[in-house]
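In what follows, a single structure is set out as structure tokens and then discussed.
The values are calculated or read from the model by the stated rules, or taken from the named source; none is laboratory data. Predicted model, so just to flag it, every value in this text is computed and none were measured. Don't worry about glycine lacking a Cβ; one is built from the backbone with ideal geometry, like all the others, and counts go over all protein chains shown. Quick note on the areas: whole protein, heavy atoms, side chains included, nothing else; ligands and nucleic acids left out. Shrake-Rupley method; radii C 1.70, N 1.55, O 1.52, S 1.80 Å.
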Amino acid sequence: MAAHRLSLDAARRIAVHAQALDLPRPTGIVEVVDRLTILQIDPTSAIAPSADLVLWSRLGSRYRPADLVAALERDRTLVETVAYIRPVRDVPAVLLDAPAHPSSTRWLEANDSFRRDILALLEERGPLLSRDIPDTSVEPWPSAGWTNNRNITKMLELLAHRGQVAISGRKGRERYWDLPGRVYPSAAPTLDAASAIAYRNERRLAALGIARSTGPVIPGESPYVGDAGEEAEVEGVPGLWRVHSAYLDRPFEGRTALLSPFDRLIHDRVRAEQLFGFEYILEMYKPAAKRRWGYFALPVLHEDRLVGKLDATADRKTGVLKVSALHRDVPFSGEMESAVRAEISDLAAWLGLEVAFPAD
């Protein structure tokens, strides 16, 4: 089959539609997470936590963070895995497709008695916070970074990746850990490793709309989709893509949205630059004097273009969403300016804050 030939406009619209950022808006949390496949968890809340921002970007003012907690901890219609929130149906494939680094495998083998101690304690007393679990490790976890000697947390996360423990809820930023049978559905479908990889590639392509088959390894969830979907060429962009056929030649009605820096539309920075001409770096780790766009700048989507970044901070003590700058990557028409400012005002209202724009 010959590769589909897509204009750049068509490719962008496929990507925006796949991420549920066009019209009509979706109506429910589970529907959105099932569409996106993941919500990345990040505690930074200069404006709001990333998972909440992603859901607000899709659902608008109807979204309430308490509803996400209920879906995770009461209804179990969504589950938390290490670093992500996912639909329940994806868990078996995620666990089977989990990467196993040789150094982690060796450390687990050296600390098998520690692993068995944790599982026995959770069986008897779970769910438990990590601080309620004794460190009986034989060999400490070696790291040059912040995980050095964080043996309990590292063991729990490695076991979670392997499906031996599960996250059952939270107390603030702390996670409760338990046995998987008490958290995940009891009747999980059986997959082999190859089927799990194929399933995840298909699900990922449905969430992204258009993606590369392979590419350089980047941290976190892969942006690549293997041989899922159909081959496509994009006008003016070198190389081949994979496209989800259900999104071809469909009508598109765009809208304006403010995105989390961890939003999947822009998470793959190379893809964002190739399809949208959009340059973005999360600058929270840079000294203030070296930031171009702001500590936690929100990418601005207008219809099928990424048009700028919003530098804003939620000051809950004063009750104000303080807009430090609206960086315009392209000239804004009057209609664009009004639409973006209206979205900023909606964000402030959702947060229960007044908005303060800078003097022009």
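Could you give log10 I(q)/I(0) at q = 0.14 Å⁻¹ for the range 1-127, computed by the Debye formula over C-alpha point scatterers of equal weight, without solvent? So the normalised log intensities are -0.83.
What value, in deg cm²/dmol to 500, does the helix sum -39500 (n - 2.57) over DSSP H runs of n ≥ 4 give at 222 nm once divided by the residues of the chain? List each step's numbers first, then the result.
Values: 12 runs with 124 residues, N = 360.
Here the helix-only value at 222 nm equals -10000 deg cm²/dmol.
Under a Gaussian network description of the chain, with springs only between Cα atoms under 10 Å, the residue in Ala71, Ala257, Ala232 that fluctuates furthest is Ala71. The figure for Lys171 is an accessible area of roughly 110 square angstrom, using a 1.4 Å probe on the protein chains alone. Here the chain has 53 percent of its accessible surface on carbon and sulfur atoms, given a 1.4 Å probe and all protein chains in place. Normalised radius of gyration (Cα atoms, divided by 2.2 N^0.38 Å) for the range 259-360: 1.07. Converting phi to 3J(HN,Hα) with the Karplus coefficients 6.51, -1.76 and 1.60 and the offset θ = phi - 60°, the range 230-247 yields 10, 6, 8, 10, 10, 3, x, 10, x, x, 9, 10, 10, 10, 7, 5, 5, 9 Hz in sequence order, with x at every glycine or proline.
In this structure, the amide hydrogen of Trp141, modeled 1.01 Å from its nitrogen in the peptide plane, lies closer than 5 angstrom to those of Asn149, Arg150, Asn151, counting only residues at least 5 positions away or on a different chain. Among Val225, Val94, Val69, which one moves the most in a GNM of the chain with springs linking Cα atoms closer than 10 Å? With Cα springs under 10 Å in the chain, the top fluctuation among Val225, Val94, Val69 is at Val69. Pairs exceeding a 23 Å alpha-carbon distance, out of Lys286/Lys322; Lys290/Lys317; Lys286/Lys309: Lys290/Lys317. Counting heavy atoms of the protein chains alone, Asp112 has an accessible area of about 50 Å² for a 1.4 Å probe. Rounded to the nearest 20, the Cβ-based charge dipole of the chain about its Cα centre (Lys and Arg +1, Asp and Glu -1) stands at 640 debye. Dividing the mean sequence gap of close Cα pairs (under 8 Å, 6+ apart) by how many residues the range 54-179 holds gives a relative contact order of 25 percent. Solvent exposure of the chain amounts to 47 Å² per residue of accessible area, where only protein heavy atoms count and the probe is 1.4 Å. Among the listed values [x] -0.45, -1.21; [y] -0.40, -1.26; [z] -0.44, -1.39, the one matching log10 I(q)/I(0) by the Debye sum over Cα atoms at q = 0.08, 0.15 Å⁻¹ as calculated from this structure is [z]. Taking the alpha carbon gyration tensor of the range 93-175, multiplying each eigenvalue by 5 and rooting it gives semi-axes of 19, 16, 14 Å, largest first.
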